[in-house]
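**Student:** First, the structure itself, so that you have it in front of you.
The values are calculated or read from the model by the stated rules, or taken from the named source; none is laboratory data. Since the structure is predicted, the reported quantities are computational estimates derived from the model, not experimental observations. Because the Cβ atoms are built from the backbone with ideal geometry, glycine has one as well, and the counts that use them run over all protein chains shown. When the accessible area is computed, the model is the full protein with side chains, heavy atoms only, and any ligands, DNA or RNA have been set aside. Shrake-Rupley method; radii C 1.70, N 1.55, O 1.52, S 1.80 Å.
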Amino acid sequence: MGGCMEKVTVPWVREQKGKEKITMLTAYDFIFAGLVDEAGTDIILVGDSVGNVMLGYPNTLPVTVDEMIHHTKAVVKGAKRALVVIDMPFMSYHESIEQAKRNAGRMIKESGAEVVKLEGGARMKDVIRAIVDIDIPVMAHIGLTPQSVHRMGGYKVQGKGGAEAMLIEDAKAVEEAGAFSVVLEAVPRDTAKKITEMLSIPTIGIGAGPDCDGQVLVLQDLLGFFSGFRPKFVKSYVNLRTETERGIKSYIDEVKSGAFPDDEHSFH
Ligand code: KIV
């Protein structure tokens with residue numbers, strides 16, 4: 001494994017453009033943040049996917065600033081080396097520039113994260129610039145932006161056909177506004193390659209093919225915690241759902257049968 005030997009910083013991430021691939025994973029709590037960090041992941045994203053993954057919401061829209069801060073505080077305690085990014089949730093940066101700055105500032109101050117991420121391209125450029133101007137690094141997020149699920153009519157690949165030009169404009173706009181990196185979600189591989197070659201900031205892909213400067217996955221997808229529908233771009237490297245179920249069922253069986261606790265697990 002290559003990688004940054006010391007604490008990962010925003011300048012280090014920027015410098016990886018065209019060099020070493022950047023790895024980013026989500027985490028929402030102390031234990032998984034520690035595991036992800038110790039394994040050598042460069043960036044930990046406390047995504048607003050915490051809403052679907054941990055809080056049982058139907059989508060990311062109900063997630064609040066307080067919930068994001070709560071989870072990020074735990075992640076920061078577990079992350080020693082990785083750069084920690086906190087997602088700005090829906091309606092925490094949409095009302096005004098002042099509201100966006102206030103919430104970005106609060107989220108950095110109270111959570112201990114180092115970077116905020118927010119969704120939207122050209123229409124968010126003034127918001128990005130304002131947050132960058134108060135010295136908070138911004139990771140942009142374009143393509144499939146889950147906070148726009150109702151406008152998009154579902155989670156669909158973005159930037160196909162005629163929509164490619166708009167996506168390219170979004171990418172240019174977030175770079176010009178001062179974002180230090182950009183997530184490309186559910187974008188055709190060739191379009192992601194074009195954008196990656198065009199920008200001077202790193203692109204981090206999820207469902208955007210292999211040519212991005214880095215990749216991100218939701219940790220619970222990688223670990224195989226979900227049954228049922230799995231998006232095409234998700235690769236599960238292990239099946240922890242089955243393993244977890246097996247462990248829990250064994251515990252129940254042993255308690256019911258009296259096999260646990262045995263002598264070995266009792267005090268004398
Ligand atoms: O919230 C999230 O987990 C994200 C990633 C999927 C990029 O935004």
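**Student:** P(r) for the chain, please, calculated from all Cα pair distances in 5 Å bins and given in %.
**Tutor:** All Cα pairs, binned at 5 Å, distribute as 1, 6, 12, 16, 19, 17, 12, 6, 3, 3, 2, 2, 1, 0, 0 percent.
**Student:** Among the listed pairs Lys125/Lys235; Lys109/Lys235; Lys156/Lys235; Lys17/Lys232, give every one whose C-alpha distance is greater than 23 Å.
**Tutor:** Details: Lys125/Lys235 32 Å; Lys109/Lys235 34 Å; Lys156/Lys235 18 Å; Lys17/Lys232 26 Å.
With Cα atoms farther than 23 Å apart: Lys125/Lys235; Lys109/Lys235; Lys17/Lys232.
**Student:** May I ask you to list the trypsin sites (Lys or Arg not before Pro) in the range 12-59 that are in a DSSP loop and have at most 11 other Cβ atoms within 10 Å of their Cβ?
**Tutor:** In loop regions of the range 12-59 (DSSP not H, G, I, E or B), the sparsely surrounded trypsin sites (Lys or Arg not before Pro) are Lys19.
**Student:** Suppose all protein chains stay in the model; what accessible area per residue would a 1.4 Å probe give for the range 173-257, in Å²?
**Tutor:** 53 Å²
**Student:** Taking each pair of different alpha-carbon atoms in the range 198-268 once, compute 1/r for the pair, average those values, and report the inverse of that mean as the Kirkwood hydrodynamic radius in Å to one decimal.
**Tutor:** Working: mean 1/r = 0.0638 Å⁻¹.
After inverting the pairwise mean of 1/r, the radius is 15.7 Å.
**Student:** As a check on your grasp of the helix formula, calculate [θ] at 222 nm for the chain: sum -39500 (n - 2.57) over DSSP H runs of n ≥ 4, divide by the residue count, round to the nearest 500.
**Tutor:** Rounded to the nearest 500, the figure is -11500 deg cm²/dmol.
**Student:** For the range 1-119, give the percent of accessible area contributed by carbon and sulfur heavy atoms, probe 1.4 Å, rounded to a whole number.
**Tutor:** 59 percent
**Student:** Report the full-extension gain for the segment Lys109 to Asp262: residue separation times 0.36 nm, less the Cα-Cα distance, to one decimal in nm. Could you put the intermediate results ahead of the total?
**Tutor:** Working: separation 153, 0.36 × 153 = 55.08 nm, distance 4.84 nm.
The span from Lys109 to Asp262 would gain 50.2 nm if fully extended.
**Student:** What does the convex hull of the Cα atoms of the range 67-156 come to per residue, in Å³, rounded to a whole number?
**Tutor:** Here the figure is 104 Å³ per residue.
**Student:** Let me ask something additional. Residue separation times 0.36 nm, minus the C-alpha to C-alpha distance between Met5 and Asp66: what's the value? Please report the intermediate quantities before stating the final value.
**Tutor:** Working: separation 61, 0.36 × 61 = 21.96 nm, distance 3.25 nm.
Gain on stretching Met5 to Asp66: 18.7 nm.
**Student:** What relative contact order, as a whole-number percentage, does the range 148-268 give when Cα pairs under 8 Å and 6 or more residues apart are counted? Let's see the in-between values first.
**Tutor:** Numbers: 132 pairs, mean separation 17.6, N = 121.
Normalised by residue count, the contact order of the range 148-268 is 15 percent.
**Student:** Any idea how far apart Leu35 and Ser200 come out in nm if each label point goes 7 Å out from Cα toward Cβ?
**Tutor:** Each label point is offset 7 Å from its Cα along the Cβ direction, giving 4.0 nm.
**Student:** Quick one: give the max-minus-min coordinate of the C-alpha atoms of the range 101-228 along each principal axis, largest first, in Å.
**Tutor:** Principal-axis extents of the range 101-228 (Cα, largest first): 37, 36, 29 Å.
**Student:** Over the residues of the range 118-160, compute the C-alpha Rg and express it relative to 2.2 N^0.38 Å.
**Tutor:** Values: Rg = 12.1 Å, N = 43, 2.2 N^0.38 = 9.2 Å.
Relative to the 2.2 N^0.38 Å estimate, the range 118-160 comes out at 1.32.
**Student:** On to the next question. Given a 1.4 Å probe, how much area per residue of the range 1-138 is accessible, in Å²?
**Tutor:** In whole numbers, the range 1-138 has 45 Å² accessible per residue.
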